[in-house]
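One structure below.
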Amino acid sequence: MKIIRLKPGKERSLQRRHPWVFDGAVARGGGDAGETVRVESHEGQFLAWGAFSPASRIRVRAWSFDEAQRIDAAFFRDTLARAIALRSRLGIESNGIRLVHGESDGLPGLIVDRYGDTLVAQFTACGVERWKDAIADALIELTGCPRLYERSDTSSRKLEGLPEVTGWLRGSGETAFELLEHGWRLGLDIAQGHKTGYYLDQRDSRLALYQYTKRLGFAQVLNCFSYTGGFSVAALAGGAGHVTSIDSSGPALEQARANLLLNGLDPAQASFMDADVNASLRQFVAEGRSFDAIVLDPPKFAPTAAHAERAARAYKDLNRQAFKLLTPGGVLFTFSCSGGIGVELFHKIVASAGLDAGVDGAILQRLGGACDHPMTINFPEGEYLKGLVVMKKA
Ligand code: SAH
């Protein structure tokens, strides 16, 4: 068995059960890609069993902090069973559910979403890549789903030295799927869509927009980074007068249009712009347009803390433009899905964007990822999705 010996003082993070060991913490030792290694403190004390990643800055991802734990097929089956059991207890009313959420479920690098009886998995690190067959077999057995599609086409695989892989891993079938979320029908495609096909993490926030629309009666809604129009459907279902959806993906907008029709909503109350959000917001400001509610749900600007500064500027600029476009009493639903931007920093960014725009705002609510995307206390990076509902004072 291979041993990774840490530098003096570098044992603290694992002792606090943070599951990552960075390259700079390693004094000596190595292994093959995904191989199980024993991580020890400088003094030789056992810290964790983990998967070795020779190419990544995250050199080891911990499987277990229990010295007696064997890392074998049974370990993966048991850990998956716990993750799946949690979801069934949560009783989420949707046929699209995240079953496995990486580090937070004790399986670093593994994402599994269930769409009806189809599973979609992302293997984003060497450890889960090495155990792929055992994981796939256990998933099929534990869920009773006949098929599993692999969407290992994330950019993080490059950092691990792994190629992109997509396709059926077990079984086969249709890749088009109709999601039922809060009673809304949302078409998606697990092979063509972003991530595993849909942004399941924003489920609760879409419901929040629906509820605020019902209460406050937004006439004009702007949905920026709309993807397939989940927030647009929510706003129109809540009684919004008109929703403008902006995204730079043509196929996503086509699906958004189709999703409106699927829900019997009136296309005359919707417009779609295949455009860059930054440019569109500036254009709207120049044209003197205004909106009663604006959703800002941009892609990840800061995957890690190293990108935080540049990302902060980009978030601030977006939010500043959005504040300018809000009517007095209008509401901004603003999000960041960057692991590198913490809750407090995001709050500061939005506050200073408001100041710059000369807007006084009140935070009505904080939002976050849905409960099938849990966070572990020991892994702050897991709290990647954060949102604020801010009302512009009249
Ligand atoms: N709100 C969506 C998820 C948004 S994901 C939901 O609830 O499902 C981010 C989206 O931003 C993606 O669809 C991507 O195509 C789009 N995007 C990324 N950069 C963009 C840009 N500069 N202008 C417009 N859209 C952009």
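The numbers here are math on the coordinates, done by the rules we state, and not lab data. Only a predicted model underlies this, so the values are computations on that prediction, with no experimental measurement involved. All Cβ positions, even for glycine, are placed from backbone atoms using ideal geometry, and neighbour counts span all protein chains on display.
What is the calculated FRET efficiency for ASN263 to ARG17, with r their C-beta to C-beta distance and R₀ = 45 Å, to the nearest 0.05?
E between ASN263 and ARG17, to the nearest 0.05, is 0.55.
Quickly estimate the mean residue ellipticity at 222 nm for the chain, helices only: each DSSP H run with n ≥ 4 gives -39500 (n - 2.57), and the total goes over all residues, rounded to 500. Intermediate results must be reported in sequence, preceding the final value.
Values: 11 runs with 120 residues, N = 394.
Mean residue ellipticity, 222 nm, calculated: -9000 deg cm²/dmol.
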Please list the non-local residues whose amide H lies under 5 Å from the amide H of GLY361, H modeled 1.01 Å from N, same-chain partners needing a gap of 5 or more. LYS393
Could you list which residues have their amide H under 5 Å from that of LEU385, counting only those 5 or more apart in sequence or on another chain, with H placed in the peptide plane? GLY369
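Sorted by average packing, counted as other Cβ atoms within 10 angstrom per residue and highest first, what order do 103-115, 11-23 take? Walk me through the numbers on the way to the answer.
Details: 103-115: 24.1, 11-23: 17.2.
The most tightly packed comes first, giving 103-115, 11-23.
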What relative contact order, as a whole-number percentage, does the chain give when Cα pairs under 8 Å and 6 or more residues apart are counted? 11 percent
Segment 62-90 and segment 315-392: distance between their alpha carbon centers, rounded to Å: 34 Å
As a quick test, which of the pairs LYS2/LYS386; LYS2/LYS158; LYS214/LYS386; LYS132/LYS386; LYS316/LYS393; LYS195/LYS392 have an alpha carbon distance above 29 angstrom in this structure? LYS2/LYS386; LYS132/LYS386; LYS195/LYS392
Tell me, what HN-Hα J-couplings in whole Hz come from the Karplus equation 6.51 cos²θ - 1.76 cosθ + 1.60 at θ = phi - 60° for each residue of segment 162-167, using x for Gly and Pro? 9, x, 6, 9, 9, x
Amide H within-cut-off set for SER245, under 5 Å, with H built and near neighbours excluded: ASN223, SER271, PHE272, MET273
Relative contact order for segment 243-394: what percent, with Cα pairs under 8 Å and sequence separation of 6 or more? 22 percent
